[in-house]
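Encoded as structure tokens, the structure appears first; notes follow it.
The values are calculated or read from the model by the stated rules, or taken from the named source; none is laboratory data. Here the structure is a predicted model, which means the values were calculated and not measured. Every residue, glycine as well, gets a Cβ built from its backbone with ideal geometry; the counts of neighbours run over all protein chains shown. The protein model used for the area step is the full one, side chains on, heavy atoms only, and it has no ligands, DNA or RNA in it. Shrake-Rupley method; radii C 1.70, N 1.55, O 1.52, S 1.80 Å.
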Amino acid sequence: MQQLSRPARRALLVLHIAVSVSWLGLTLGLLALGITGYTTGSPEMAGVAYQAMKVFGDWLVLPVALVSLVSGLVLSLRTAWGLARHRWVYLKFWLTLVTVLLSVFSLRPGINHLAAQAAAGTPTPDISLVVAPAVATATYLFITAISVLKPWGLTTRGSRLREAQSAEARAGRARRSGIKGAGVR
């Protein structure tokens, strides 16, 4: 697959970082509202918190999560990092995919359920709307850390690709210098 041009890569990287940071901020907002709804003694305050969570869940969670996933996937597939060359990229992809799926199939339905209760005037505090955003926030902070630190090195596939590229480069240098058979093992 052809790599992105430098301007396109930089623009996509800015988009990916901005959306990913937005996803972290959105999750922190959901965590604050979840804690408010769970700990307040006021049914009215809990109802307002759960209704606000519904607005975030309906309008922001899915689009932000999907743009983060897709932009990261395009960056990994269309740059030298690759999707399966480095362990940190591979783990970041799978953690992002899992959190997107959990947002769609667990977090949003939970928010919708409590928002419906709040609209009916009977919000029942639910710890799951504190736990889910707390786990998501910890996951996004971990993903951010591995994006900056880039730990763990190459995958087995990445090592093979790097060795093949090195052998090809040695053979090319040998051809240019006129040495026959050099660079071939």
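Computed on the chain, with alpha-carbon pairs under 8 angstrom and 6+ residues apart, the relative contact order is 28 percent.
A 1.4 Å probe run over the stretch 96-145, with the rest of the protein chains in place, finds 48 Å² accessible per residue.
Find which of Trp152, Tyr50, Thr27 sits farthest along the positive direction of the dipole of the chain, computed with +1 on the beta-carbon of Lys and Arg, -1 on that of Asp and Glu, about the Cα centre. Result: Trp152. The share of accessible area on the stretch 6-60 that comes from carbon and sulfur is 74 percent, using a 1.4 angstrom probe. The convex hull drawn around the Cα atoms of the stretch 6-109, when projected onto a plane and averaged over every direction, covers 7.0 nm². Counting only protein heavy atoms and using a 1.4 Å probe, what share of the accessible area of the stretch 68-185 belongs to carbon plus sulfur, as a whole percent? Here carbon and sulfur together make up 65 percent of the probe-accessible area. Relative to the longest principal axis of the Cα atoms of the chain, helix 156-177 runs at roughly 30 degrees.
Note on the stretch 12-57: percent of Cα-Cα distances in each 10 Å bin, starting at 0 and stopping at the bin with the largest distance, equals 29, 39, 20, 10, 2. Where (1) 12.7; (2) 14.0; (3) 12.0 are the candidate values, the label of the one calculated here for mean projected area of the Cα convex hull in nm² is (1). Multiplying the residue separation of Ala18 and Ala119 by 0.36 nm and removing their Cα-Cα distance gives an extension gain of 33.0 nm.
Sites listed here are trypsin sites (Lys or Arg not before Pro) in the stretch 50-134 whose DSSP assignment is loop and whose Cβ has at most 15 other Cβ atoms within 10 Å, and the list is empty.
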